[in-house]
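Everything on this sheet refers to the single structure shown next.
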Amino acid sequence: MKKILVLNGPNLNLLGTREPAQYGATTLPEVEATCRDAGRRLGYEVECFQSNHEGALIDKIHEYGRLWKEGQALGCVLNAGAYTHTSVALHDAIKGVDGLPVIECHISNVHAREAFRHHSYISPAAAGIVVGFGVAGYVIAIEGLVRTRDKDNAALK
Ligand code: DQA
């Protein structure tokens, strides 16, 4: 079964208790379980990984770049958290693996928030962007990946 990576960056392990007015009450394990269910329904194994460390996120993108080249992965849904607004290294990792489709995902509408959240280093390297749909955005991003990269998927009919 092909894989989809759901990759979460810094502070997203605190989902559920972190600024619930902004990010909701759903915990990360709950979000990840929903993503795995959505993947299974579409015929994919969803692997979930979260790290507060930039390098660990980069290593995971490299791993999936290799899996994508071997035909074993469809793509990646990435919520890079605050690294979205700071990380040239994550931008370079996505460009560097050359092919792996990465869907940038944000729970909140970053464009309606502070100015420092309006710029993303991920967006120019992303295949698509899902912003402001709450945690439902992760499943929307998974479906978007499948709809655009696996158009004949029988579960979409
Ligand atoms: C976020 C938005 C970022 O600006 C913030 O630093 C996060 C979460 C979101 O999902 O809305 O950590 O990526």
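Here are some notes:
- Only one entry of D37, D98 meets the criterion of being exposed (fewer than 15 other Cβ atoms within 10 Å of the Cβ), away from the ligand (no atom under 16 Å from the Cβ) and farther than 16 Å from A136 by Cα, and that entry is D98.
- Qualifying residue in the stretch 90-102 (condition: of a type in the set (D, E, K, R) and at positive phi): yes
- Residue in the stretch 116-124 that is at pLDDT below 95 and part of a loop (DSSP other than H, G, I, E, B) present: no
- Scanning the stretch 15-34 for residues that are within 14 Å of the ligand (Cβ to nearest atom) and open to solvent by 80 Å² or more (accessible area, probe 1.4 Å) yields T17, E19, A21.
- Under the condition of being surrounded by 13 or more Cβ atoms within 10 Å (Cβ to Cβ) and over 8 Å from the mean Cα position of the chain (by Cα), the residues counted in the stretch 69-81 number 6.
- Pick from the stretch 101-126, criterion out of contact with any helix residue (DSSP H, G or I) (no Cβ under 9 Å at 6 or more places or on another chain) and free of Cβ contacts under 8 Å to residues at least 12 places away in the same chain, ranking: nearest to the ligand (Cβ to nearest atom): E114
- Within the stretch 127-153, the residues that satisfy the criterion of being open to solvent by less than 30 Å² (accessible area, probe 1.4 Å), within 13 Å of the ligand (Cβ to nearest atom) and touching a strand residue (DSSP E or B) at 6+ places or on another chain (Cβ under 9 Å) are V130, G137, Y138, A141.
- Filtered residues of the stretch 70-95 (kept if over 17 Å from E54 (Cβ atoms) and more than 12 Å from the ligand (Cβ to nearest atom)): E70, G71, Q72, A73, L74, G75
The values are calculated or read from the model by the stated rules, or taken from the named source; none is laboratory data. Because the structure is a prediction, the values reported are computed rather than measured. As a convention, Cβ positions derive from the backbone with ideal geometry for all residues, glycine included, and neighbour counts pool all protein chains shown. Heads up: the accessible areas ignore ligands, DNA and RNA and are worked out on the full protein's heavy atoms, side chains in. Shrake-Rupley method; radii C 1.70, N 1.55, O 1.52, S 1.80 Å.
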